[in-house]
Structure formats: structure tokens, C-alpha cells
Amino acid sequence: MSKTWRPATQLVHGGTLRSQYGETSEAIYLTQGFVYETSEAAEARFKGETEGFIYARYGSPTNDMFEKRMCMLEGAEDARATASGMAAVTAAILCQLKAGDHIVAARALFGSCRWVVETLAPKYGIDCTLIDGRDLANWEKAITAKTKVFFLESPTNPTLEVIDIAGVAKLANQIGAKVVVDNVFATPLFQKPLELGAHIVVYSATKHIDGQGRCLGGVVLSDKEWIDENLHDYFRHTGPAMSPFNAWTLLKGIETLPLRVRQQTENAAKIADFLAEQGKIAKVIYPGRKDHPQADIIAKQMTGGSTLVAFELKGGKDAAFALQNALEIVKISNNLGDSKSLITHPATTTHKNLTEEARAELGISPGTVRLSAGIEDTDDLIEDFARALAKVSA
Ligand SMILES: Cc1ncc(COP(=O)(O)O)c(C=O)c1O
């Protein structure tokens, strides 16, 4: 496998393990275990003296292909595929911490990620300080003698705030802490957290990597030393492994990732520009627009805009609901990254568990709507929005 391949080539060929049959498409190895020729061979495998698989909870061939392909794309040395994005986030954070340690996390996190650091970790004696991650001074102020992990998502869900990953990594390195980045919204194509200095990257592969709404999955990527010392045993013994069937589905999904993300981003950018011109819209937040409040950081750390657009209707919740209900092509769903365009009202769905005050801190108002652009024809989508907006009272 060539390390000089560009992403579109890596995503079609990277990590492929062909069986003796020389199949074109990657094979699915749906097996729980593996057999050994002899007792001595089993002993050597368990001692780590020979290469090979032992048990599907530890690793298996289809998952291995998915992990290797993700490593090539991300520029990571090693990876573990997990059953969901949340399994990846939880494993990446908890595997490296113990009671008494401290996490600093940006407060603008996907709801379940926030629950892991704000509610779950403290139950095991791991404290967490949530901050407005846009200002580097807040990260620095939150550091204690016990800080071991910085956790962030950028751009954030749903209001697409951006955090300076290189700046956070610099602070973490000064105190020997690790930076974990949830890179779901940026996709592995538009942002490379490891190159920016982060230590661990996590994905919900459920989103753009599958991209066709079929199965859950996640992945944790880092250097080999961190995985060997932290994730390896946690992963083997707590069992968050991905199903090989899902690894196969995701391997097929990832082949078309660049094509889908390119079309989704083009659609998102054009819809963002269209919405910004409409009188019923108070505000549009899109990482590819010059008026994004952190356009300077975006230019520094991202190579593309986003497949997501956040916008606010002047008419609040009633207008947001009316718009969503009037759309014909764009479907109402809390998911994202799909080839189908999906629209979400965060205040009543994904972020309903936050207090109104916490939602306001994140810029989520009753009129805020999040669009995940699909791969449909751009003009059809714009016409869908024009038709639906006409039905919204001003
Ligand atoms: C930013 C982010 N991180 C993590 C997750 C969790 O992923 P999953 O649903 O695959 O567990 C999601 C979405 O659900 C997400 O949007």
C-alpha cells in the first residue's frame, strides 16, 4: 500500500486483505473465533509470538481492513473500530483516566458526549470542567494539577462553532495532557486533527463514513504507543468491538466518501448562500462563508466548508416547525452526514435535555435549525427551501 496515495485512492484500495479467492470486493469474515493448526500454534498466538487473530472481540479481518483504511486516511498509526460513535468516545476518554484525574472539555458537545464527561466520568471520581472552547484563555484557566485530557468537537453540533485545535494541543503539550478530538462534523477529508497536534481522533462512522443511513459504527485513531498502552486492554476486556458486518458496510461506504462529501458540501454552501438572502432568516452559520465568526481559524485548520448549515428563523419555534413540515425532499431527522438531506430542530430534539440557559450559551434558540445537506440535485433542494419558506409566516 502506498502512503503517497491521495484520499480518493486510499478509500477504495487502502487496507484490503484479499483471501485465496482473489475477490474484488472486500470479504465479510463473520466469525467469532479462529482455529489453530496445533496447540503450539495457539500458544504462540496467545504469547504474541506470531501474528494473527484470536477472537473477534479483540480484532478480525474485516474490521482490520476498515481500521487500516481509516489509518491511511487519517495519517494515524493504529485504530480500533467500535460498535458506535459513542462507544468510540467513551473508550477514548475512559481508557486513559483514573479516579482523581481531570478533564477539560468544550461545552459545545453532542448531547451524549457531554453526558459522558459531565455525568458519567464524575461517578468514577474523574472531574470535568466545561468551558466555552472558542477562547484559548478558557482552556488555560481550567487547567488543574490533575488535568489529563482535553476533549472537543469542531465544528460543533449544532451551531458550527470552531475551536483552534493547534492552540489547544499546544496548551495540552505544556502539561502532558492528551487532546481528544471528535472530528465527525469536519469529516476526515476536511480536517486532520493529528496533523494539528491532537493526540487522539474519534469518529461516529454512523455519519458520513457510512453516509447511507444503514449501520452504527465508530473508530478511535492515534499513535501505536497510546493505543498499546491505553486502549488495547480496555478494548479487549470491555467489548465495544464493531460487528464485522458493519465493518464491511462501512468499508463499502467509505469508498464513496469523497464523492458524497464533495456534493454535500457544494449543496450546503449553495443553500447557505440562498438562505442568507431570505427575509425570514435571522442568521446563517456556515463554515464556508466569509461571515462565519471564526473564519480565520477555519482558514487555518480546515480544507473545506461543511456538509452542515445552521440557521435561525426570525419567527422562532413556530416558523422552524412550519419550515420543516413544509419541506418535501428534505426529511426531518436527528441524524446527519447522510446522502439524503436531513433537517433537525435541536431545541426540541438533540439538545432538549439541556436547560434553556445552556442552550442559549451554545447559540441554540427556538428558531435554530440544523441542515445536513445530502447529495440530491442542488436546484431541487433550493426549490424545496423556497417553496417551504413561502409557507412560513413572517
Ligand atoms: C459529534 C458527534 N459525536 C458522536 C456521536 C455519536 O455517534 P453514534 O450515534 O454513532 O454513537 C454523534 C451522533 O450521534 C455526533 O454527532
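Things to note:
- Number of residues in segment 191-215 that are open to solvent by 10 Å² or more (accessible area, probe 1.4 Å), of a type outside the set (Gly, Ala, Ser) and under 19 Å from Leu109 (Cβ atoms): the value is 4.
- Residue check for Ile298: surrounded by 21 or more Cβ atoms within 10 Å (Cβ to Cβ), outside any loop (DSSP other than H, G, I, E, B) and touching a His at 6+ places or on another chain (Cβ under 7 Å): yes
- A count restricted to segment 128-151 and to residues that are under 22 Å from the mean Cα position of the chain (by Cα) and in a strand (DSSP E or B) stands at 8.
- Search result, residues across segment 71-92 that are of a type in the set (A, V, I, L, M, F, W, C) and either open to solvent by 10 Å² or more (accessible area, probe 1.4 Å) or within 18 Å of Glu225 (Cβ to Cβ) (or both): Cys71, Met72, Ala76, Ala79, Ala83, Met86, Ala87, Ala91, Ala92
- From Leu160, Leu189, Leu194, residue being under 25 Å from Ser341 (Cβ atoms), assigned to a loop (DSSP other than H, G, I, E, B), of a type in the set (A, V, I, L, M) and not assigned by TED's automatic domain parsing to the domain that holds Thr344: Leu160
- Condition met for Cys128 (among the hydrophobic types (A, V, I, L, M, F, W, C) and touching a Pro at 6+ places or on another chain (Cβ under 9 Å)): yes
- Of all the numbered requirements in (1) touching a Pro at 6+ places or on another chain (Cβ under 9 Å); (2) open to solvent by less than 20 Å² (accessible area, probe 1.4 Å); (3) not in a helix (DSSP H, G or I), Ile343 misses one, and that requirement is (1).
- Pair list, Cβ under 8 Å, 6 or more apart: segment 253-282 residue over 26 Å from Leu389 (Cβ atoms) and at pLDDT 95 or above, other residue among the basic types (Lys, Arg) and open to solvent by 60 Å² or more (accessible area, probe 1.4 Å): Gly253/Arg214
- Taken over segment 182-222, residues that are within 13 Å of the ligand (Cβ to nearest atom), without any contact (Cβ under 8 Å) to a residue 40 or more places away in the chain and either farther than 23 Å from Gln96 by Cβ or in contact with a Lys or Arg (Cβ under 7 Å, 6 or more places away or on another chain) (or both) amount to 2.
- Taken over segment 104-130, the residue count meeting the criterion of being surrounded by fewer than 24 Cβ atoms within 10 Å (Cβ to Cβ), closer than 20 Å to Ile163 by Cα and more than 16 Å from the ligand (Cβ to nearest atom) is 2.
The rows are residues; the columns are (1) open to solvent by less than 20 Å² (accessible area, probe 1.4 Å); (2) in a loop (DSSP other than H, G, I, E, B); (3) outside the structural domain of Gly363 (by TED's automatic domain parsing); (4) under 27 Å from Arg214 (Cα atoms).
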| site | (1), (2), (3), (4) |
| --- | --- |
| Arg289 | no, yes, no, no |
| Ser306 | yes, yes, no, yes |
| Ala310 | yes, no, no, yes |
| Ala320 | yes, no, no, no |
| Asn335 | no, yes, no, yes |
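- Qualifying position, being crowded, with 21+ Cβ neighbours inside 10 Å and closer than 26 Å to Ser112 by Cα, among Ile285, Ile271: Ile285
- Residue in segment 300-339 that is nearest to the chain's Cα centre (by Cα), counting only those that are within 16 Å of the ligand (Cβ to nearest atom) and either at positive phi or of a type outside the set (A, V, I, L, M) (or both): Gly337
- Close pairs (6 angstrom Cβ cut-off, 6 or more residues apart or separate chains): not in a loop (DSSP other than H, G, I, E, B) in segment 12-29, not basic (Lys, Arg) anywhere: Val12/Glu255
- Only one of the numbered conditions (1) among the aromatic types (Phe, Trp, Tyr); (2) within 11 Å of the ligand (Cβ to nearest atom); (3) touching a His at 6+ places or on another chain (Cβ under 7 Å) is violated by Trp226, and that is (2).
- Test: Glu361 is surrounded by fewer than 20 Cβ atoms within 10 Å (Cβ to Cβ), touching a Lys or Arg at 6+ places or on another chain (Cβ under 9 Å) and among the charged types (D, E, K, R): yes
- Pick from segment 163-184, criterion open to solvent by less than 10 Å² (accessible area, probe 1.4 Å) and assigned to a loop (DSSP other than H, G, I, E, B), ranking: farthest from Thr265 (Cα to Cα): Ala177
The values are calculated or read from the model by the stated rules, or taken from the named source; none is laboratory data. Quantities reported herein were computed from a predicted structural model and do not represent experimental measurements. Cβ atoms come from the backbone with ideal geometry, glycine included; neighbour counts cover every protein chain shown. The protein model used for the area step is the full one, side chains on, heavy atoms only, and it has no ligands, DNA or RNA in it. Shrake-Rupley method; radii C 1.70, N 1.55, O 1.52, S 1.80 Å.
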